[in-house]
Amino acid sequence: MPIREATAGDWPRIWPFWHRVVAAGETYTWDPDTSEEDARRLWTSPAKRVFVTEDEAGTVVASAYLTPNYGGPAAGIANAGFMVDPDRAGRGVGRALAGHVLAQAKADGYRGMVFNAVVETNPAVKLWESLGFTVLGTVPEAFAHPRHGLVGLHIMYRAL
């Protein structure tokens, strides 16, 4: 599947699955009622490099951003966010996009990547662990999951 840097014109193709994922309230700490305008700012702020994955028909099926997690002397640690259209889950799209973003982060000179708030019940935890991320710690009962109640948020890290 082709993976490329997003253009401004890609946002209308990202928003439908972005909204669906966030509105479900199961994997992101953003407000499930986030407006499209606020979502666009969150996902595509100037500090972020945004990528999209397209299927063979040219449909955007996933997106990710890459950004510094910290500033100053710690700016060598990246952060990223990933979203796959739920209708495309389980087909390797997320793994391919993750590999691309990790390689890009390393090429950009980052020394490591940290995820600040991975919901512990998120199936992507297994993906991140398979890609070399480790759980540094868990903030217990930090996330009000709509089906599981209060669950932890993992802080995950991987050296590049």
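Summary of computed values
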| quantity | calculated |
| --- | --- |
| Note, ³J(HN,Hα) from phi for region 12-17, Karplus 6.51, -1.76, 1.60, rounded to Hz, x at Gly and Pro | x, 8, 8, 3, x, 7 |
| Selection of GluC sites (Glu not before Pro), region 1-71, meeting DSSP coil and at most 12 other Cβ within 10 Å | Glu56 |
| Loop sites in region 32-112: trypsin sites (Lys or Arg not before Pro), DSSP, at most 15 other Cβ within 10 Å | Arg91, Arg111 |
| Carbon and sulfur %, accessible surface of the chain computed with the full protein complex present, 1.4 Å | 54 percent |
| The chain, accessible area per residue, ligands and nucleic acids excluded (1.4 Å, Å²) | 50 Å² |
| More than 12 angstrom apart: percent of Cα pairs within region 100-160 | 67 percent |
| Efficiency of FRET between Leu131 and Asp33 - r from beta-carbon atoms, R0 35 angstrom, step 0.05 | 0.65 |
| Extension gain from Asn116 to Asp55, taking 0.36 nm per residue of separation minus the Cα-Cα distance | 19.0 nm |
| Rough spin-label spacing in nm, given labels placed 7 Å along Cα→Cβ, for Ala103 and Arg41 | 3.5 nm |
| Cα-only radius of gyration and Dmax that characterise region 33-159, units Å | 14.9, 43 |
| Relative contact order for the chain, counting Cα pairs under 8 Å that sit 6 or more residues apart, in percent | 20 percent |
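The values are calculated or read from the model by the stated rules, or taken from the named source; none is laboratory data. Bear in mind the structure is a predicted one, so any value in this text is a computation, not a measurement. Note that each Cβ is placed from the backbone with ideal geometry, even for glycine, and that neighbours are counted across all protein chains shown. Note: accessible area is taken over every heavy atom of the protein model, side chains too, but ligands, DNA and RNA are not part of it. Shrake-Rupley method; radii C 1.70, N 1.55, O 1.52, S 1.80 Å.
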